[in-house]
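The values are calculated or read from the model by the stated rules, or taken from the named source; none is laboratory data. Since the structure is predicted, the reported quantities are computational estimates derived from the model, not experimental observations. Neighbour counts are summed over all protein chains in view; Cβ atoms, including those assigned to glycine, are modelled from backbone coordinates with ideal geometry. The protein model used for the area step is the full one, side chains on, heavy atoms only, and it has no ligands, DNA or RNA in it. Shrake-Rupley method; radii C 1.70, N 1.55, O 1.52, S 1.80 Å.
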Amino acid sequence: MKRNRLKLGIFGFGCVGTGLYKVLEETGSVEANIKKICIKHANKPRPIDAKYFTTHKEDLLNDPEINVIVELIDDAEAAFEIVSEAMKKGKDVVSANKKMIAEHLPELLELEKKYQVSFLYEASVCASIPIIRNLEEYYDNDLLTSVSGIFNGSTNYILTQMIDDNIPYPEALKEAQNKGFAETDPTLDVEGIDPKYKLCIILFHAFGLITKPENIFNFGISRINDFDLNFATQRNYAIKLIASCKKNGNEISGLVAPSFIENKDPLAHVKYEYNGVVLESAFSENQLMIGKGAGDKPTGSAVLSDISALTYGYRYENKKYLHVDPSLKLESTGKYRVYVRYYDDFDSFDDFLTMEEKFISPQGNYFIGIITLDKIINSKWIKDKNINVIFCNQNIE
């Protein structure tokens, strides 16, 4: 098969951009080379020749020799403008910007179709795990029922430090930042927003459903304390930030939340900056994929995989979306078993369908009950920083 020779124009040279440069240099087998890199700060020291850099996006977008734009910046709206303009100029695009894709997927699909270009974004979901390509190709004809797992290496690193190494949350977070696994402002990671964007992309490639990020419930790990960790230890549980979606007829449930997982569960053994994805289907049953979910080279390798695919003219076929049942919808009425830890009086027990367990002590209080997701979403107590919620094995129905 004939391979296309690619000239790359890269936007952004931070963690992922540097990782891409490293793996591109080391592999030597991909028919692609960097022509220009657009960055914000011209005077910042960088490990490669200054001739590659520019602060003018037009130097990349208007260069007829550059046939692939690789978008690796943090700003989602600026990224959308760059990607849109690149597609309109007939350039293929590779992106790692999960927020931009989750918030603008319908427009991006329309641009891709109108201008007959490829838009690939494997690195936007689980870094080194090729989950999108598997959903597109391997699970094309299988009856997929659910996708769940650890989609955020930063929070998994923090939780591993807290549970396995007895390191307090602030110190674990600081170490994750020092290693480049978490940003200076870690809110997107620790509050479950980053995996929510990724779940939007998974929903599209798994089931053909397009939904906005604000339609998916997310709850993070920042409220987890020693009381919660002791409870998990006593019950032989691990705590993981789990993103999950499950199809039942024409309804799909989807959420991101910390969850208790039995220590014998394979995901309980996915530690530090690694991600783990579990796929359940009618024919192949359960499959687990594990790989690094944070760091420059793991994410850079996913970007490189897309670039390599473009040398063969690859593009997502999006067959599930093209043949999606129009009645398919995201629901929020499923029942869930949850652990709720609190210190003062809790006056919203009526929100729960049943109460299974309750414990009160001077150190703290908790109860375990069954509740519908919409009740959690619309409650006032979920916003109370002194209350923590951890799901127990996700939905029960």
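Miscellaneous remarks
- 0 to 90° range, to nearest 10: angle between helix 169-178 axis and the chain longest Cα axis: 10 degrees
- On the basis of the beta-carbon distance and an R0 of 51 Å, residue 3 and residue 344 show a calculated FRET efficiency of 0.20.
- The ellipsoid that matches the Cα gyration tensor of the stretch 84-213 has semi-axes, each √(5λ) in whole angstrom, of 31, 18, 12, with the longest given first.
- Largest GNM mean-square fluctuation among 355, 162, 100, using the chain with Cα springs under 10 Å: 355.
- Residues 93, 278 ordered from highest to lowest accessible area at a 1.4 Å probe: 278, 93.
- Residue 226 accessible area, assembled protein chains, probe 1.4 Å, Å²: 110 Å²
- Carbon/sulfur fraction of accessible area - the stretch 1-141, other protein chains in place, 1.4 Å, %: 47 percent
- The GluC sites (Glu not before Pro) of the stretch 1-89 meeting both criteria, a DSSP state outside H, G, I, E and B (loop) and at most 11 other C-beta atoms within 10 angstrom of the site's C-beta, are 65.
- Estimated translational D of the stretch 329-397 in µm²/s (Stokes, Kirkwood radius over Cα pairs; 25 °C; 0.890 mPa s): 197 µm²/s
- The chain: C-alpha pair distances exceeding 36 Å, %: 26 percent
- Over the stretch 186-307, accessible surface divided per residue gives 36 Å², non-protein components excluded, 1.4 Å probe.
- Mean residue ellipticity (222 nm) of the chain, computed from DSSP H runs ≥ 4 via -39,500 (n - 2.57), nearest 500: -9500 deg cm²/dmol
- Taking the C-alpha atoms of the stretch 146-199, convex hull volume expressed per residue in Å³: 76 Å³
- Sites excluded, trypsin sites (Lys or Arg not before Pro) in DSSP loops with at most 10 other C-beta within 10 Å, longest stretch of the chain: 6-263
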